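Trainee: Here it is: the structure, laid out below.
The values are calculated or read from the model by the stated rules, or taken from the named source; none is laboratory data. In this text, all values refer to a predicted model and were calculated from it rather than measured experimentally. As a convention, Cβ positions derive from the backbone with ideal geometry for all residues, glycine included, and neighbour counts pool all protein chains shown.
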Amino acid sequence: MMTALMTMSMAYADNENNNSTEAANAYDMTVNFRKLAVALDLNMDQLEAVQDIHHQFCNEMMLASQANGDERQTLVEQAVRKDVRYMHYVLDEKQYKRYLLLLNTTLVNRGLR
């Protein structure tokens, strides 16, 4: 009986650790900037600005991943709004639309939207 109880407890703890790791990975928004530069057709100045903006976005998303429930969703929405606003300033309309498509697809695929 004790062995069964310990086994079930260990399995539950292991499953919970896996779930928290998967949840943290969903908020890891790091990208390959070379591929992003090609996809958006960025010039060197834009690439530098996009890298700075995206690093800030990644930091804000990691902070959101550590928050609880409603606060987490609020922090994600704030981070996305700020990222989109800054990217709109740096990118032209065609690049911006493509960026929005990529960002939205990423957020949906990770279950954040």
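Trainee: Could you give every pair whose Cβ atoms fall below 6 Å, whose first residue belongs to segment 50-73 and is over 22 Å from L102 (Cβ atoms), and whose second residue is in a helix (DSSP H, G or I) and at pLDDT below 95, counting only separations of at least 6 or pairs across chains?
Mentor: What qualifies is A67/L75; R72/A64.
Trainee: Is there a residue in segment 64-78 that is within 22 Å of L42 (Cβ to Cβ), assigned to a helix (DSSP H, G or I) and polar (S, T, N, Q)?
Mentor: The answer is no; no qualifying residue exists.
Trainee: Can I ask one more? If the Cβ limit is 8 Å and pairs must be 6+ apart or interchain, which residue in segment 76-97 that is modelled with pLDDT of 95 or more pairs with which residue that is part of a helix (DSSP H, G or I) and of a type in the set (S, T, Y)?
Mentor: M87/Y96; M87/Y99; H88/Y96; L91/Y99
Trainee: Applying the selection to segment 53-89, what residues are among the small types (G, A, S), under 13 Å from Y27 (Cα atoms) and more than 12 Å from the chain's Cα centre (by Cα)?
Mentor: Answer for segment 53-89, where residues must be among the small types (G, A, S), under 13 Å from Y27 (Cα atoms) and more than 12 Å from the chain's Cα centre (by Cα): just A67.
Trainee: Another one. Quick test for you: out of T106, T74, pick the one residue that is of a type in the set (S, T, Y) and surrounded by 13 or more Cβ atoms within 10 Å (Cβ to Cβ).
Mentor: After applying the criteria, what remains is T106.
Trainee: Just need a number here: residues in segment 32-49 that are more than 17 Å from T105 (Cβ to Cβ), among the polar types (S, T, N, Q) and free of Cβ contacts under 8 Å to residues at least 12 places away in the same chain.
Mentor: Selection size over segment 32-49: 1.
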